[in-house]
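These notes concern the structure reproduced below.
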Amino acid sequence: MKLAPGLRVGYIMGTGDLVPDAIEALGVMPHTLTPAELTSGDLSAWNVLVIGIRAYSSRTDLAAAQPRLDAWVRNGGTLIVQYQSANFPAPLPLSLGRSPERVVDEAAPVKLLTPENGPTNPLLSTTNALTTADFDGWVEERGHSFLDSWDKGYTALTETADPGQDPQRGGLLVAHPGKGTYIYVSYALYRQLPELVPGAYRILANLLSAGK
């Protein structure tokens with residue numbers, strides 16, 4: 001597994017998870033942002049910010065700080081948003097819909113979407129070449145809150161579904177507003193990482209490295 005060098009990672013905690021421990025295990029010590037740092041601190045101290053699960057629903061300061069986060073992304077930052085429980089602001093429009101979709105079969109096939117006659121999206125190939133095998137051995141579920149709709153500026157990178165469910169392509173999307181990178185990931189990495197699922201760490205490494 002490879003990780004881009006020089007990452008300075010800040011973490012915006014939501015309702016609580018162990019993802020910061022997994023980031024530390026990859027060799028980068030994340031800094032948990034205080035409310036004051038989020039609302040008025042110098043965000044340029046970090047080149048990657050990760051938003052924890054359900055953070056937009058549990059923290060009023062996060063939505064209020066969104067214009068600052070959007071500007072930071074446009075100036076070159078990488079913002080990674082994990083699954084949220086309700087609609088939330090983003091640099092480009094997106095929506096969870098009235099009843100956000102989930103995929104509960106932890107073994108549901110995951111298809112990596114690549115353009116016809118085009119290169120694989122860098123998020124799937126750098127710094128690690130991801131394959132469907134990275135979704136093997138998952139526990140409990142695939143994920144929560146798959147997006148229902150999104151701006152054409154986003155690229156959907158995966159497709160999965162429970163039996164009988166419509167194909168879900170809103171689980172991993174990336175956009176590049178300005179000079180930066182914005183990622184939404186609804187896959188339950190926060191469940192897989194404490195269980196030491198290898199593919200989850202490779203996916204996390206690629207998300208953190210996306211701006212590099």
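Within region 128-151, track down each residue that is over 14 Å from the mean Cα position of the chain (by Cα) and within 22 Å of S99 (Cα to Cα).
Passing the criteria: E140, E141, D148, S149, W150, D151.
Any chance region 112-125 includes a residue that's assigned to a helix (DSSP H, G or I) and open to solvent by less than 20 Å² (accessible area, probe 1.4 Å)? If you could, list the steps in order and put the result at the bottom.
Keep residues of region 112-125 that are assigned to a helix (DSSP H, G or I), which gives 122-125.
Then keep just the ones that are open to solvent by less than 20 Å² (accessible area, probe 1.4 Å); that gives 123-124.
Checked region 112-125: at least one residue is assigned to a helix (DSSP H, G or I) and open to solvent by less than 20 Å² (accessible area, probe 1.4 Å).
Looking at region 147-166, is at least one residue touching a His at 6+ places or on another chain (Cβ under 8 Å), part of a loop (DSSP other than H, G, I, E, B) and polar (S, T, N, Q)?
No: region 147-166 contains no residue that is touching a His at 6+ places or on another chain (Cβ under 8 Å), part of a loop (DSSP other than H, G, I, E, B) and polar (S, T, N, Q).
From (1) out of contact with any helix residue (DSSP H, G or I) (no Cβ under 9 Å at 6 or more places or on another chain); (2) surrounded by fewer than 14 Cβ atoms within 10 Å (Cβ to Cβ); (3) on the phi > 0 side of the Ramachandran plot, pick out the condition that doesn't hold for D166.
It is condition (3) that D166 fails.
Each row is one residue, and each column tells you yes or no for (1) in a strand (DSSP E or B); (2) more than 16 Å from the chain's Cα centre (by Cα).
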{"residue": "L49", "(1), (2)": "yes, no"}
{"residue": "I53", "(1), (2)": "no, no"}
{"residue": "D61", "(1), (2)": "no, yes"}
{"residue": "N87", "(1), (2)": "no, no"}
{"residue": "P91", "(1), (2)": "no, no"}
{"residue": "R98", "(1), (2)": "no, yes"}
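Can you pull out the residues in region 64-105 that are open to solvent by 70 Å² or more (accessible area, probe 1.4 Å) and within 17 Å of D166 (Cα to Cα)? Reasoning before the result, please.
Going residue by residue through region 64-105, those that are open to solvent by 70 Å² or more (accessible area, probe 1.4 Å) are 64, 67-68, 74-75, 87, 93, 98-99, 101-102, 104.
Hits for region 64-105 are R98, S99, E101, R102, V104.
The values are calculated or read from the model by the stated rules, or taken from the named source; none is laboratory data. Since the model is a prediction, treat every value here as computed from it, not as a measurement. In this analysis, Cβ positions are derived from the backbone assuming ideal geometry, glycine residues included, and neighbour counts consider all displayed protein chains. To get the accessible areas, we keep the full protein, side chains included, count just its heavy atoms, and leave off ligands, DNA and RNA. Shrake-Rupley method; radii C 1.70, N 1.55, O 1.52, S 1.80 Å.
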